[in-house]
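Single-structure report; data block below.
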Amino acid sequence: MNEDIMRNAGFNDEMDNVNSNKCPFCGKKINFDDFEDELSLKEFIQSGICQHCQNDVFSEDNESDDREYNINEDDDPGIWGYDGDNW
Ligand SMILES: [Zn+2]
């Protein structure tokens, strides 16, 4: 997203304020061209997180962990219960 567009959208003070900021997550300088939409910019103004890290933080919903656990209920001690050598 273009910086002029965001200034026109009323983020002038914010733009001046955060222009030298760095992302607290990745430590990289904020690149305003990375912000995809106004929502991402507002999130950045609140949290200071760059677009890249926002994608990481807010993409958790997309990760579906439907892997089934292969539960093996084998509580039989078997040979390990044998203590015959300990005389
Ligand atoms: Zn970042």
Item checked: Within segment 35-72, considering residues that are in a loop (DSSP other than H, G, I, E, B) and at pLDDT 75 or above, the one surrounded by the most Cβ atoms within 10 Å (Cβ to Cβ) -> Cys50
Check: Just a yes or no: is a residue in segment 11-23 at pLDDT 65 or above, within 16 Å of the ligand (Cβ to nearest atom) and aliphatic (A, V, I, L, M)?
Finding: no
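The values are calculated or read from the model by the stated rules, or taken from the named source; none is laboratory data. Keep in mind that what you see is a predicted model, and the values were worked out from it rather than measured. Ideal geometry is used to build each Cβ from the backbone, glycine not excepted, and the neighbour counts take in all protein chains shown.
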